[in-house]
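Novice: Quick one: the structure is below, questions incoming.
The values are calculated or read from the model by the stated rules, or taken from the named source; none is laboratory data. Everything numeric in this text was worked out from a predicted model, so none of it was measured. Counting neighbours? That spans all protein chains shown, and the Cβs are built from the backbone with ideal geometry, glycine included. Just so you know, the surface numbers come from the protein's heavy atoms only, side chains and all, with ligands and any DNA or RNA stripped out. Shrake-Rupley method; radii C 1.70, N 1.55, O 1.52, S 1.80 Å.
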Amino acid sequence: MKTFIALLLILSGTTLMAQEKKSMERKVNKTEEEWKQVLTPQQYYVLREKGTDRPGDGGYTKHFEKGTYHCAACDAQLFESGTKYESHCGWPSFDDAIKGSVEYVLDKSHGMIRTEIICTSCGGHLGHVFDDGPRDTTGKRYCVNTSSIRFEKSDL
């Protein structure tokens, strides 16, 4: 019986490792030179070099049309307009992402401990998620760089 349980635990661990490896595989794989050809310099800085847009009211910060926000690098759907809200932080903010569209990575850069959000499809840096969002919904604030997303209007 002990042997059976040990074997079951080993097989479970192998399955979990295979699932983790699968989630790390990207649907869109390009070289850095290919990314430079399809992204603007600012998009490349944000999405590929983990840069940050300057805060401000420009871009999508005060944009509230109905539709979907997509990754500016690979066009994967990331956020629904119904999850967007005004956080007054200077960047577009959402209280949730489309399920499976972002990965969460521990970020200890710049003397801080934060959770980075990246596109699961291409690995592009989107921004960070914080626990100071609206309490009446998820309590999360997905703080997203305008350069990392593009908006597609909905006809509905």
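Novice: What tally of residues in the range 73-104 results from selecting those that are in contact (Cβ under 8 Å) with a residue 12 or more places away in the chain, part of a loop (DSSP other than H, G, I, E, B) and under 20 Å from Asp132 (Cα atoms)?
Specialist: 10
Novice: Go through the residues of the range 78-100 one by one and say whether even a single one is crowded, with 21+ Cβ neighbours inside 10 Å, among the hydroxyl-bearing types (Ser, Thr, Tyr) and within 11 Å of the chain's Cα centre (by Cα).
Specialist: No, the range 78-100 contains no residue that is crowded, with 21+ Cβ neighbours inside 10 Å, among the hydroxyl-bearing types (Ser, Thr, Tyr) and within 11 Å of the chain's Cα centre (by Cα).
Novice: Output the residues belonging to the range 139-156 that are of a type in the set (Phe, Trp, Tyr) and under 10 Å from the mean Cα position of the chain (by Cα).
Specialist: Scanning the range 139-156 gives a single hit, Tyr142.
Novice: Follow-up question, since we're still on this one. Among the residues of the range 43-66, are any in a strand (DSSP E or B) and at pLDDT 90 or above?
Specialist: Taking every residue of the range 43-66 in turn, none turns out to be in a strand (DSSP E or B) and at pLDDT 90 or above.
Novice: Considering the range 110-156 alone, what residues qualify as being of a type in the set (D, E, K, R), open to solvent by 20 Å² or more (accessible area, probe 1.4 Å), more than 21 Å from Thr68 (Cβ to Cβ) and not in a loop (DSSP other than H, G, I, E, B)?
Specialist: Listed by number, the list holds a single entry, Arg114.
Novice: For the range 108-129, which residues satisfy the criterion of being over 30 Å from Val38 (Cα atoms) and either among the aliphatic types (A, V, I, L, M) or in contact (Cβ under 8 Å) with a residue 12 or more places away in the chain (or both)? Break it down stepwise before answering.
Specialist: Step one: filter the range 108-129 for residues over 30 Å from Val38 (Cα atoms), giving 111-113.
Met112, Ile113, listed by residue number.
Novice: Further question on the same structure: Would you say Asp136 is modelled with pLDDT of 95 or more, among the acidic types (Asp, Glu), within 14 Å of the chain's Cα centre (by Cα) and farther than 19 Å from Tyr44 by Cα?
Specialist: No, not satisfied.
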